[in-house]
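The values are calculated or read from the model by the stated rules, or taken from the named source; none is laboratory data. Keep in mind that what you see is a predicted model, and the values were worked out from it rather than measured. Methodologically, a virtual Cβ is constructed for each residue, glycine included, from the backbone with ideal geometry; neighbour enumeration extends over all protein chains shown. Protein only, heavy atoms only, side chains kept; ligands, DNA and RNA dropped before computing areas. Shrake-Rupley method; radii C 1.70, N 1.55, O 1.52, S 1.80 Å.
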Number of protein chains: 2
Amino acid sequence: MHRLADAAAAATEPHFRNTIAQDKGEHAFDPVTEGDRAGERAMREILADAAPDDTVIGEEYPARTGTSGWTWYLDPIDGTRAFLAGLPTWTTLIGLAAPDGTPVFGCIDQPVLGERYTGWPGGAELFRAGDRTRTPIRVSGCADLRRAVISTTDPFLLAPAEEGAWTHLRHTARLARYGLDAYAYARLAAGTIDLVAETGLKPWDTAALIPVVRGAGGLAMNWQGRPAGHGGQIVCAASEAVMDQALLALRRSAQ
Amino acid sequence: MHRLADAAAAATEPHFRNTIAQDKGEHAFDPVTEGDRAGERAMREILADAAPDDTVIGEEYPARTGTSGWTWYLDPIDGTRAFLAGLPTWTTLIGLAAPDGTPVFGCIDQPVLGERYTGWPGGAELFRAGDRTRTPIRVSGCADLRRAVISTTDPFLLAPAEEGAWTHLRHTARLARYGLDAYAYARLAAGTIDLVAETGLKPWDTAALIPVVRGAGGLAMNWQGRPAGHGGQIVCAASEAVMDQALLALRRSAQ
């Protein structure tokens, strides 16, 4: 996973703050950068050699179907809007799911900051590229939504019922942050954000996020309060108490 | 200014992601960290020795009135909510205003990222702590609001008329980012954000921001379309065209 993240960083970082965005479609704003494609190609080349029997699913290129039952999920630039705005909160996401579909290893890498968050069953750590240190990370354990720091990516992209739920959370919590994409889950795992609630996630997002959050002692569920699956509505929390308080609002708009 | 920023960084950075916030008041949420106070003390100590005749105005301590006519504006941690959430988009702001009140030198420093943006009459640059390079910076020159990346700090803190203006801008622009505080102006000066509109700024914010934005070729005005003063409603743009287009909306809610 570190080899994959290193290769993605080498491909994506030169394009940061130096890129011409391309739109995928005519209607939606969905920026794709040269770095996004270069990063996924770099990771796929490594996997073709190191894990030729595994399935590989990424955002930019067609899936490669393997025979081992294991599946890699790749998103070289999660947070393309932050990337386009020159903000160092985009990340590279790498997830590995077991044959039963459970995401077991995850990586959230931010190469400009030199912060790489990884998680696995029973643990999570922050690797800092600057001094090459590895530090175990742990969620805050904050048990009161009124004291919680919460985050969602774009409050203006929520459906009306979801927006109602978010407004409830926002008015209850201590403070809210926006536009962080996967970096919010990394900071939840590292203890400075206490709740993240989002909709419309993709399988390549959740496969990377869930092992990091759970490995750091956090909870990852869908808005119905069931264990999070692949994509969709996700809520992650630093404690069962905060999760329960958030679900009071989120369940009303659960799909 | 570099000495001041270095001293503030040494005082603030150890508290980042390792802090217990204190509330100033009983009612408003206005977090103040130990780092905020330590950073301002460190800068005031330098100015007491290096510029004993200048006025010093900061957020955390009472003003010191000097005799020279020159005024230093200090904000060791702008973006205390980002600081509390463990996000590296808070900044240290340092501004120097001439006897006629014009802000002439400004600094926006982010020590975790190692990015220091400075501006003066006719120029602006980015100093990177990592490799100690200095690079001239320049606004994008983007001339169409529909292609612009725009930013405001908190869309939920705007007054109703202001919110109407912001909604107009948000629906017109290419994409919007939130929660960046002064870091948005730094990225405007460096060419990746094209418009920033905010309300309720303080004199220690604008004194630092305006020289950086103007030095990089950007415009800084109030929402009436007059040159920006000390604090209040501010709009900064990468071109006259984007400024004119934004003011069509903002003037309606100008104070």
Worksheet item: Hey, what angle do you get for helix B:2-12 against the long axis of chain B, alpha-carbon based, 0 to 90 degrees rounded to 10?
Response: 80 degrees
Practice prompt. Express in nm, to one decimal, how much length is gained between residue B:146 and residue B:46 on full extension, taking 0.36 nm for each residue of separation and deducting their alpha carbon distance.
Written response: 31.5 nm
Response to the item:
Looking at the stretch B:155-194, residues buried by 50 Å² or more relative to their chain on its own, accessible surface at probe 1.4 Å, turn out to be B:156, B:174, B:175, B:177, B:178, B:192
Item to complete: Quote the total accessible area buried by chains B and A together, excluding ligands, DNA and RNA, probe 1.4 Å, nearest 100 Å².
Response: 2800 Å²
Worksheet item: How many nanometers, to one decimal and shortest first, lie between the label point of residue B:241 and those of its other copies, if labels sit 7 Å from Cα toward Cβ?
Response: 5.6
Discussion item. How large a share of the accessible area of chain B, in percent, is made up of carbon and sulfur atoms when the probe is 1.4 Å and the other protein chains stay in place?
Written reply: 51 percent
Worksheet item: Using +1 on the beta carbon of Lys and Arg, -1 on that of Asp and Glu, and nothing else charged, what's the dipole of the protein assembly as shown about the Cα centre, debye to 20?
Response: 180 debye
Discussion item. Among B:105, B:16, B:83, which one shows the highest mean-square fluctuation when chain B is modelled as a Gaussian network with alpha-carbon springs under 10 Å?
Written reply: B:16
Item to complete: May I ask for the angle, rounded to the nearest 10°, between helix A:34-50 and the longest principal axis of chain A, with both axes built from Cα atoms and the value confined to 0 to 90°?
Response: 70 degrees
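Counting partner chain Cβ atoms within 10 Å of every residue's Cβ in A:41-54, what's the average?
Partner Cβ neighbours, averaged per residue: 0.
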Practice prompt. Can you list the distances in nanometres, one decimal and ascending, from the residue A:225 label point to the identical position in each other copy, with the point 7 Å along Cα to Cβ?
Written response: 5.6
Worksheet item: For the rotation that superimposes chain A on chain B, which residue of A has the C-beta lying nearest to the axis, and at what distance in Å?
Response: A:178, 2
Worksheet item: What nm distances, shortest first, do you get from the label point of residue A:146 to those in the other copies when the point sits 7 angstrom along Cα to Cβ?
Response: 4.9
Worksheet entry | C-alpha long axis of helix A:160-172 to longest principal axis of chain A, angle in ° | 70 degrees
Worksheet entry | Rounded to whole Hz, the Karplus (6.51, -1.76, 1.60) HN-Hα couplings of the stretch B:107-119, x for glycine and proline | 9, 10, 10, 10, x, 5, 6, x, 10, 10, 9, 10, x
Worksheet item: In peptide B:81-90, what is the residue-averaged number of other protein chain Cβ atoms found within 10 Å of each Cβ?
Response: 6
